[in-house]
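Data block below; observations after.
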Amino acid sequence: MGHMEMNVLQRAFKGKKVLVTGDTGFKGSWLSLWLHELGAEVCGFALPPETDDSHYSLLKLGTIIRHVDGDIRDLKQVQAIVDGFKPEIMFHLAAQAIVRVSYQEPKRTFDTNVGGSVNILEAVRTSDSLKAVVYITSDKCYKNNEWVWGYRENDPLGGHDPYSASKAAAEMVFAAYHDSFLGSKKNFGIASARAGNVIGGGDWAKNRIIPDCVRSLKEGTPVLIRNPSSTRPWQHVLAPLSGYLTLAAKLLEDPKKFSGSYNFGPRVQSIKTVKELVDRSILAWGKGKSQVSPEANAPHEDGLLHLNCDKAYQCLSWYPLWDFDRTIVETITWYKEVLGGKAAMAKTREQIKSYMEAAG
Ligand SMILES: NC(=O)c1ccc[n+]([C@@H]2O[C@H](COP(=O)([O-])OP(=O)(O)OC[C@H]3O[C@@H](n4cnc5c(N)ncnc54)[C@H](O)[C@@H]3O)[C@@H](O)[C@H]2O)c1
């Protein structure tokens, strides 16, 4: 997100009807609040939040946006929300989003991430209100060669674990709907967005490194690190979200030119080991220690995977605004202040504002 783009976003979303699937989730709750701040009329569609401490619940998001409980695996429900709310813009984020869970529940993962996405695109195909759709998959949609180079949008898709395979399949579904139906739909643009390893306040998912880390720091127990030397490209949740927003704004401006697939990832300097991430988090928290604790019989998780984001920069003028250090500090500060009694709404709003200010 470069300089003038902030105004572009305000112009693009003010007064617009925007449907967000997965608004009760981590990324969806941040995105829905940001859209609300930009003046959009937001409606969310998702399963109810899983816990009382979810970001969605802490924000009391249901009181400031419209939310409908629903299941994307049910075409009738998806069709009803799209035909009933008549959004101009849609962000599709609803998914079974955890790799570990995909080993325990592969069928639910495929049903949601592939079948559910087919239902979304069916409703999109027959909608007469939608002008722009951003369809969120993952960096894990690429066939992972475990090499040092970043993946480009035209690299082969693939996936070892059920989650990654479901996201690769969701991309193939997207391409088929685009090429067969949506590419020729008048005044309409659609793009898939591939981002990964997002961190930020308000994520409490099990088996994700930052939530696990914060739980230990809060309890005063050592932070257990399963794979200390695994490297990941860490980015703050606001970075890919700014990419999704910019992409939707560009799709409204020139739907056919901007339709396609885009990567949103951090700069290469943000590729750090899990140990570096945990140590920096402990520093930001103020006290605590880590302990390497390899897990026996852990399911396979891919090693190094990062994205080449030249296309997002060239076509959308998008780039991440916060470096690794700032990303960790903002994330840990969110948890520390909110656990210390600060209202989540105030903290999340403050961070959205300072991200927008960084954009100029
Ligand atoms: N968090 C990350 O690091 C990351 C990385 C890459 C891609 N993604 C993708 O971004 C999107 C959002 O991820 P997140 O981290 O916010 O996940 P999350 O698990 O916090 O939220 C998932 C959301 O999807 C909804 N959902 C799940 N099954 C549903 C169903 N059958 N019907 C309706 N809604 C359903 C949940 O209710 C929730 O609102 C997902 O598509 C995910 O795969 C996330």
Completion exercise
Residues whose built amide H sits under 5 Å from the amide H of LYS131, excluding neighbours closer than 5 in sequence, are ILE89
Fill in the blank from the handout: Along principal axes, largest first, the alpha-carbon spread of segment 1-85 in whole Å comes out as 40, 32, 21
Handout entry: Inter-label distance, nm, simple model (7 Å from Cα along the C-beta direction), ASN145/LYS353
Key = 4.7
Fill in the blank from the handout: In degrees rounded to 10, the 0-90 angle between helix 344-358 Cα long axis and the longest Cα principal axis of the chain is 80
Completion exercise
About its Cα centre, segment 41-187 carries a charge dipole, from +1 on Lys and Arg Cβ atoms and -1 on Asp and Glu Cβ atoms, whose size in debye to the nearest 20 is 280
Practice task
Treating only the Cβ atoms of Lys and Arg (+1) and Asp and Glu (-1) as charged, compute the dipole magnitude of the chain about its Cα centre; round to the nearest 20 debye.
Solution key: 380
Handout entry: Distant alpha-carbon pairs in segment 89-228 (separation over 23 angstrom), percent
Key = 44
Handout entry: Whole-Hz ³J(HN,Hα) from phi, Karplus 6.51 cos²θ - 1.76 cosθ + 1.60, for segment 141-155, glycine and proline x
Key = 6, 7, 5, 8, 8, 6, 10, 7, 7, x, 7, 9, 4, 9, 6
Exercise for the section: Apply the Karplus parameterisation 6.51 cos²θ - 1.76 cosθ + 1.60, with θ equal to phi minus 60°, to every residue of segment 158-166 and state each ³J(HN,Hα) to the nearest whole Hz, in sequence, with x for glycine and proline. Expected result: x, x, 7, 7, x, 4, 4, 5, 5
Fill in the blank from the handout: Per the C-alpha gyration tensor (a ≥ b ≥ c, the square roots of its eigenvalues), segment 1-154 is rounded if a/c is under 1.5, else prolate if a/b beats b/c, else oblate; here it's rounded
Problem - Whole-Hz couplings from phi, Karplus 6.51/-1.76/1.60, listed for segment 218-226; x for Gly and Pro - result: 5, 7, x, 9, x, 7, 7, 10, 6
Practice task
Any lysines with Cα under 18 Å of the LYS14 Cα? List them, leaving off those in the same chain fewer than 8 positions away.
Solution key: LYS86, LYS131, LYS250, LYS353
Exercise for the section: Enter the Cα centre distance for the pair segment 294-311 and segment 170-223, rounded to the nearest angstrom. Expected result: 15
Handout entry: Nearest-0.05 FRET efficiency for PHE181 and ASN297, computed from C-beta distance (R0 35 Å)
Key = 0.20
Exercise for the section: Compute the distribution of all C-alpha to C-alpha distances in segment 172-217, in bins of 10 Å from 0, and list the percent of pairs in each, rounded to whole numbers. Expected result: 22, 28, 16, 23, 10, 1
Handout entry: Farthest positive-ward along segment 61-218 dipole, Cα basis, beta-carbon charges - from ALA169, GLY201, TYR142
Key = GLY201
Handout entry: Theoretical ellipticity at 222 nm over the chain - DSSP helices of four or more residues, -39500 (n - 2.57) apiece, nearest 500
Key = -13000 deg cm²/dmol
Exercise for the section: Rounded to whole Å and sorted largest first, list the principal axis extents of the Cα atoms in segment 264-303. Expected result: 33, 31, 12
Problem - Burial ranking of peptide ranges 274-283, 335-344 (average Cβ count within 10 Å, highest at the top) - result: 274-283, 335-344
Fill in the blank from the handout: Amide H neighbours of GLN235 at under 5 Å, excluding residues fewer than 5 places away on the same chain, with H built from the backbone geometry, are ILE199
Exercise for the section: Any of LYS143/LYS206; LYS257/LYS311; LYS140/LYS256 with alpha carbons more than 23 Å apart? Name them for me. Expected result: LYS143/LYS206; LYS140/LYS256
Handout entry: Ellipsoid equivalent to the chain - semi-axes via the Cα gyration tensor, in Å
Key = 30, 23, 20
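Any read-out appearing in this document is the output of simple, stated calculations on the displayed coordinates, not a laboratory observation. Please read these numbers as outputs of a predicted model, since none were measured by experiment. Methodologically, a virtual Cβ is constructed for each residue, glycine included, from the backbone with ideal geometry; neighbour enumeration extends over all protein chains shown.
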